[in-house]
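Okay, structure first, notes after.
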Amino acid sequence: MDVDQSKLESIIAQYDAQKGSLISILQDIQAEYSYLPVDALEYVSKEMDIPRVQVYGVATFFKAFSLKPKGRQQIQVCMGTACHVRGSKKVLEELERKLEIKAGDTTLDGEYTLETVNCVGACALGPVVVINDEYHGQMTPMKVESILSAK
Amino acid sequence: MKLTSIKELEDLRAQILADKDPDKPCITICGGTGCHASGCENVISAFKQGLETEGVSDRIDIRVTGCHGFCERGPIVIIFPQGIFYQKVAPEDAKEIINETVVNGKILDRLLYIDPITDEKKIHESDIPFYQKQKRMVLENNTLVDPTNIMDYLGVGGYSALAKVVNGMTPESVIEEINKSGLRGRGGGGFPTGRKWESTRNAAGDIKYVICNADEGDPGAYMDRSILEGDPHSVIEGMIIGAFAIGSSDGYIYVRNEYPLAVANLTIAIEQAREHGLLGKNILGSRFDFDISINRGGGAFVCGESTALMASLEGMPGEPRAKYIHTSEKGLWDRPSNLNNVETWANVPLIINKGADWYSSIGTQSSKGTKVFSLVGKINNTGLVEVPMGMTLREIIYDIGGGIPDDKEFKAVQTGGPSGGCIPEALLDLPVDYEQLTEAGSMMGSGGMIVMDEDTCMVDVARYFTNFLQEESCGKCVPCREGLLRMGEILTDITEGRGTMEQLSLIEDLSELLKDASLCALGTTAANPVMSTLKYFRNEYIAHIKDHKCPAGVCKELITYGIDPDKCTGCGACMKNCPSGAITGEKKQPHVLDTGKCIKCQICYDVCKFDAVTKE
């Protein structure tokens with residue numbers, strides 16, 4: 001993907017190119033592109049004078065970052081304890097069957113990315129599935145079809 | 001308006017209160033994440049629109065607040081001044097509520113909460129058993145203020161603790177007050193807050209930092225999220241007071257990026273505090289400077305650990321370091337740093353306002369004040385509860401939580417997050433405080449309380465936490481990185497029927513090793529879920545190993561589904577929903593399940609209305 005240097009420049013400038021803001025800067029880049037393009041990482045490393053290994057280290061250490069492009073619809077299945085004891089695994093398996101991908105993957109048409117998250121903090125409504133920031137509570141395998149087709 | 005003195009603050013407060021008509025009706029709608037998930041956004045716009053179309057918007061106020069705690073019953077709407085509590089409110093109800101309840105004072109029965117035990121309808125929040133036994137101090141403002149409007153916070157006495165501090169208290173006397181109150185860290189460790197402040201204050205160096213740990217990573221816990229979303233100013237006020245006592249002018253809030261509403265409300269609150277001269281230079285004319293910046297986390301559980309969090313604030317991967325030198329001496333950027341959790345900070349203004357003696361009168365000998373728990377899992381009243389320290393688990397689970405749904409048997413309650421343990425029924429009368437929970441093999445943690453019933457497999461739970469921690473282990477030290485991997489493999493063997501009794505003792509050895517040799521608390525406590533389930537539920541491990549059975553019917557490899565021909569009515573529901581085509585049969589004739597094709601997804605078991613699908 002071509003990265004727009006002026007966009008990167010303005011993101012870095014927002015944080016005064018402070019080295020401590022690396023994570024925030026990467027978050028903003030990810031919000032822009034839905035992932036971290038390699039070219040963007042190179043640019044950040046050069047502009048901010050942070051060794052590539054550190055930029056790459058941060059980009060791969062934190063779960064929030066992805067080096068692969070994501071689908072238009074991002075589905076997150078909460079695997080927190082409260083969701084786990086109420087059967088979130090069964091919901092995930094049904095999603096994997098319906099979308100024909102495994103957690104962490106994106107459908108071939110680039111429509112859906114399926115991910116698991118450790119807790120979205122809506123524990124009272126577990127199992128929870130979040131699609132593009134919209135929360136679906138008290139999920140069951142039976143409800144999977146309806147939340148997918150509602151989109 | 002920038003407030004340059006305490007007098008200006010108090011004048012503004014007086015003005016806010018004078019402008020407020022206590023009899024003016026106000027529709028309060030919960031805007032917490034739980035209610036958001038239940039669709040409160042549509043309810044809010046329905047009310048706003050309803051007030052317009054009915055032409056009463058100048059006579060009736062509307063307020064969107066933070067989390068009320070009773071998330072199970074959301075969206076929650078409370079009508080003031082009467083305090084009428086409506087639950088599970090839909091957008092279609094808005095017009096009727098405005099016309100009938102707000103204008104005519106008539107109560108709509110169908111929206112009231114019905115006590116499942118007595119079948120009685122409850123009108124006020126305070127009549128509902130879920131709220132009756134709680135002591136809501138930290139969460140109190142959540143139902144009273146609009147978190148995006150600082151005037152609301154000022155109206156309920158906000159920033160009066162700060163005023164008291166800068167109006168003649170010395171840093172030492174603030175620390176003394178916190179010490180006397182007995183406040184201990186609410187993030188889980190339980191370290192005395194005052195002592196932490198004192199050592200940071202006494203550490204050498206001109207530049208010191210105060211940090212708020214809002215990287216609430218424990219799965220099943222969301223109290224910090226609710227405080228940040230619903231009452232962000234209480235955390236900010238606590239931090240300003242802490243900074244004053246410690247001698248710091250820079251503060252950081254490290255908040256999970258998974259909490260967008262918390263980030264948004266915090267950002268607004270900090271901005272408003274700055275505009276009012278409560279953050280920035282020369283706060284309230286006291287010559288004390290302090291400001292706060294927000295850093296969003298990157299989604300790593302280990303960053304809840306103080307040194308990992310500080311590494312992350314420096315723009316490095318969140319790996320912990322050995323704490324030969326405490327962070328109070330060398331923390332962020334190698335400078336003295338004081339880190340406390342969200343709930344700890346939110347307690348500070350309460351203590352300053354009402355005094356250490358009042359605060360320490362609540363709780364047990366060693367654990368003072370209240371604790372917020374997220375009561376979730378297999379429990380009737382799920383939600384956030386705040387109780388005085390020392391309340392028994394039984395009271396929390398049965399009196400407040402309303403017991404276990406569907407007449408199932410209670411099996412265990414898990415506290416302390418992934419580093420905690422599972423507590424069995426025999427210990428339900430345990431009073432909740434730091435020491436008692438640790439003694440039972442669990443811990444206070446940040447306050448997750450996950451209730452498990454007879455359908456929960458304890459070996460599966462142990463595997464779940466072990467896998468969780470293995471994935472979240474940063475990999476820096478060998479015991480944690482390799483030990484958890486091996487433990488996870490053994491637990492998988494057991495849940496899949498390949499386990500041996502020798503492996504059980506191997507797990508116990510590994511647990512000891514993790515405890516003794518890991519670098520940070522993630523590793524040293526990682527074996528708690530395994531140890532506590534082995535201690536209290538050993539028979540379940542043995543059933544998996546010796547009998548190749550999962551007594552709770554959870555571990556897929558050890559269960560087989562079938563159809564009881566005597567019970568099957570041939571309705572076809574299972575066949576229609578089976579994703580693998582394993583079920584066949586004629587209409588109105590008993591169906592047959594082909595175990596060779598069955599993928600054990602349990603959908604047939606869940607859809608059958610006649611209990612005809614069997615699980616062995």
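The values are calculated or read from the model by the stated rules, or taken from the named source; none is laboratory data. Worth saying up front: this structure is predicted, and the values here are computed from it rather than measured. Glycine also receives a Cβ, built like all others from the backbone with ideal geometry; neighbour counts cover every protein chain displayed. Just so you know, the surface numbers come from the protein's heavy atoms only, side chains and all, with ligands and any DNA or RNA stripped out. Shrake-Rupley method; radii C 1.70, N 1.55, O 1.52, S 1.80 Å.
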Computed, not fitted: 222 nm per-residue ellipticity of chain B from DSSP H runs ≥ 4 (each -39500 (n - 2.57)), nearest 500, equal to -10500 deg cm²/dmol
Express in nm, to one decimal, how much length is gained between B:A264 and B:N104 on full extension, taking 0.36 nm for each residue of separation and deducting their alpha carbon distance. 53.9 nm
For segment B:134-197, compute Rg over Rh where Rg is the Cα radius of gyration and Rh is the Kirkwood radius from the inverse mean 1/r over Cα pairs. 1.04
So what is the accessible area of the protein assembly as shown per residue, in Å², with the probe set to 1.4 Å? 40
Of B:W358, B:W333, B:W345, ordered by accessible area with the largest first and a 1.4 Å probe, the sequence is B:W333, B:W358, B:W345
Is the shape of chain B rounded, prolate or oblate, going by the alpha carbon gyration tensor and its root eigenvalues a ≥ b ≥ c, with a/c under 1.5 for rounded and a/b larger than b/c for prolate? oblate
Evaluated at 4 °C with a viscosity of 1.567 mPa s, what Stokes-Einstein diffusion coefficient in µm²/s does segment A:5-61 have when Rh comes from the Kirkwood expression over alpha-carbon pairs? 118
So for segment B:370-453, Kirkwood radius off the Cα pairs, Stokes-Einstein at 10 °C and 1.306 mPa s: how many µm² s⁻¹? 130
Identify, among B:M310, B:A269, B:L437, the residue whose Cα sits farthest towards the positive end of the charge dipole of the protein assembly as shown, taking +1 on the Cβ of Lys and Arg and -1 on the Cβ of Asp and Glu, with the dipole about the Cα centre. B:L437
Listed residues B:E489, B:E72, B:E52 arranged by accessible area, highest first, probe 1.4 Å: B:E52, B:E489, B:E72
Tell me, what is the 1.4 Å probe accessible area of B:T118, in Å² to the nearest 10? 70
Largest-first semi-axes in Å of the equivalent ellipsoid built from the Cα gyration tensor of segment B:458-546 are 21, 12, 11
Measure of exposure for B:D231: accessible area at 1.4 Å probe, Å² rounded to 10, is 10
Largest-first ellipsoid semi-axes for chain A, taking √(5λ) over the Cα gyration tensor eigenvalues, angstrom: 33, 16, 12
Quick one: what does P(r) look like for the protein assembly as shown with 20 Å bins over all Cα pairs, in whole %? 16, 49, 31, 4, 0
If you build the convex hull over the alpha carbons only and average its shadow over all orientations, what do you get for segment A:73-149? Give it in nm² to one decimal. 4.3
Determine the distance separating the Cα centre of segment B:10-43 from the Cα centre of segment B:537-616; give it in Å without decimals. 50
Chain B, accessible surface, carbon-and-sulfur percent (1.4 angstrom probe): 48
How much accessible surface does A:R86 have with a 1.4 Å probe, in Å² rounded to 10? 60
Taking only Cα atoms, what is the 0 to 90° angle, nearest 10, from helix B:478-495's long axis to the longest principal axis of chain B? 40
From Cα coordinates alone, what are the radius of gyration and Dmax values for segment B:122-249 in angstrom? 16.6, 58
Over all directions, average the projected area of the Cα convex hull of segment B:463-616 and note it in nm². 10.4
Give the angle, between 0 and 90 degrees and rounded to the nearest 10, that separates the Cα long axis of helix B:458-472 from the longest principal axis of the Cα atoms of chain B. 50
Check: C-alpha center segment B:297-376 vs C-alpha center segment A:97-151, spacing in Å is 33
Would you mind giving the average projected area, over all directions, of the Cα convex hull of segment B:405-525 in nm² with one decimal? 8.3
Rounded to 10°, Cα long-axis angle of helix A:88-99 versus longest principal axis of chain A: 80
Could you tell me which residue out of B:T28, B:F85, B:S38 lies farthest along the dipole of segment B:24-129 toward its positive end? Charges go on the beta carbon: Lys and Arg +1, Asp and Glu -1, centred on the Cα centre. B:T28
Calculated Rg and Dmax of segment B:24-129 using C-alpha coordinates, Å: 12.9, 41
For segment B:150-360, what size does the Cα cloud have along each of its three principal axes, sorted from largest down, in whole Å? 41, 37, 33
By the C-alpha gyration tensor axes a ≥ b ≥ c (rounded if a/c is under 1.5, else prolate when a/b exceeds b/c, else oblate), the shape of segment B:264-308 is oblate
Of B:K133/B:K378; A:K46/B:K196; B:K122/B:K368; B:K164/B:K368; A:K143/B:K615; A:K90/B:K121, pairs whose Cα-Cα distance is over 29 Å: A:K46/B:K196; B:K122/B:K368; A:K90/B:K121
